[in-house]
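S.K.: This is the structure, below, for whatever I ask next.
The values are calculated or read from the model by the stated rules, or taken from the named source; none is laboratory data. Given the structure is predicted, the values throughout are model-derived calculations rather than measurements. When we count neighbours, we look across all protein chains shown, and the Cβ atoms used for this are built from the backbone with ideal geometry, even at glycine.
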Amino acid sequence: MILANAAGELLWARRVGQDAWQFPQGGIQRNESPEAALYRELNEEVGLAPSDVAVLGATRGWLHYRLPRHLIRRRQRPTCIGQKQVWFLLRLRTADTRVRLDATPAPEFDTWSWVPYWYPLEEIVSFKREVYAQALDELAPVLFPEGPPRRPVNPGTGRPPAIPQPGQGR
């Protein structure tokens, strides 16, 4: 999910115990619709309720990525080789102080920050970069009807990971 604030910045979260940043995301459970999964994951990962956000749009279809071989856990059942995802674009309708990363006993993220729209393309792990680009490209006109900010020419050039500045995140 892509969660934007009124300024068009995106919520970018760091995974617990890792130096890895990403958008909140999650799997769809058996017999669960993508929309139901969205709201469940929204609550589990960032502590927000459906009334805290407005759904602005979604990707037209499923976006896919494959894990690099060295990240596939072959002993885990079922074996995950990648993901297919439908992406939702949300706008926060409440104060960002409502974002809670500790809404569940085992949080997935330990901090977060608001970042410029295209920033995630520079920071996301390489095997997810194309899916992030597809989602951001497709959803940019929804968030920015007057035209999106200029996209970086060469994203993912090995810059250090994002570190939230005081007051930018929790």
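S.K.: Does Trp12 meet the test of being hydrophobic (A, V, I, L, M, F, W, C), at pLDDT below 95 and under 26 Å from Val142 (Cβ atoms)?
M.R.: Values: hydrophobic (A, V, I, L, M, F, W, C): yes; at pLDDT below 95: no; under 26 Å from Val142 (Cβ atoms): yes.
Considered against the rule, which asks whether it is hydrophobic (A, V, I, L, M, F, W, C), at pLDDT below 95 and under 26 Å from Val142 (Cβ atoms), Trp12 comes out as no.
S.K.: Determine whether Gln83 is under 18 Å from the mean Cα position of the chain (by Cα), part of a helix (DSSP H, G or I) and at pLDDT below 95. Reasoning before the result, please.
M.R.: Details: under 18 Å from the mean Cα position of the chain (by Cα): yes; part of a helix (DSSP H, G or I): no; at pLDDT below 95: yes.
So Gln83 fails the test.
S.K.: Something else about it: Looking only at region 109-116, decide whether some residue is in contact with a helix residue (DSSP H, G or I) (Cβ under 7 Å, 6 or more places away or on another chain) and modelled with pLDDT under 95. Outline the logic, then answer.
M.R.: So in region 109-116, the residues in contact with a helix residue (DSSP H, G or I) (Cβ under 7 Å, 6 or more places away or on another chain) come out as 109.
Narrowing the set further to residues that are modelled with pLDDT under 95 leaves none.
Checking region 109-116: not a single residue is in contact with a helix residue (DSSP H, G or I) (Cβ under 7 Å, 6 or more places away or on another chain) and modelled with pLDDT under 95.
S.K.: Now for a different question. Those residues that are of a type in the set (A, V, I, L, M), outside any helix (DSSP H, G or I) and within 17 Å of Trp62 (Cα to Cα), I need them from region 1-42; list them, please.
M.R.: The answer is Met1, Ile2, Ile28.
S.K.: Do you know which of the residues in region 118-136 that are modelled with pLDDT under 95 and in a loop (DSSP other than H, G, I, E, B) is surrounded by the most Cβ atoms within 10 Å (Cβ to Cβ)?
M.R.: Across region 118-136, the extreme among qualifying residues is Ile124.
S.K.: Here's something else I'd like to know. Hey, Val153 hits all of (1) without any contact (Cβ under 8 Å) to a residue 60 or more places away in the chain; (2) of a type in the set (Val, Ile, Thr); (3) within 23 Å of Glu45 (Cα to Cα) but one; which does it fall short on?
M.R.: In the conditions (1) without any contact (Cβ under 8 Å) to a residue 60 or more places away in the chain; (2) of a type in the set (Val, Ile, Thr); (3) within 23 Å of Glu45 (Cα to Cα), Val153 misses (3) alone.
S.K.: Pairs needed: first member in region 31-60, free of Cβ contacts under 8 Å to residues at least 40 places away in the same chain; second member anywhere, in a helix (DSSP H, G or I) and of a type in the set (Gly, Ala, Ser); C-beta distance under 7 Å; at least 6 residues apart or different chains.
M.R.: none
S.K.: Restricting attention to region 43-64, report how many residues are part of a helix (DSSP H, G or I) and among the small types (Gly, Ala, Ser).
M.R.: Filtering region 43-64 for residues part of a helix (DSSP H, G or I) gives 43-46, 50-52.
From what is left, the residues that are among the small types (Gly, Ala, Ser) are 51.
Qualifying residue count for the region: 1.
S.K.: Could I ask something else about it? Need the failing condition index for Leu89 against (1) under 19 Å from Leu38 (Cβ atoms); (2) modelled with pLDDT under 95; (3) of a type outside the set (Asp, Glu); (4) crowded, with 16+ Cβ neighbours inside 10 Å, just the number.
M.R.: Condition (2) is where Leu89 drops out.
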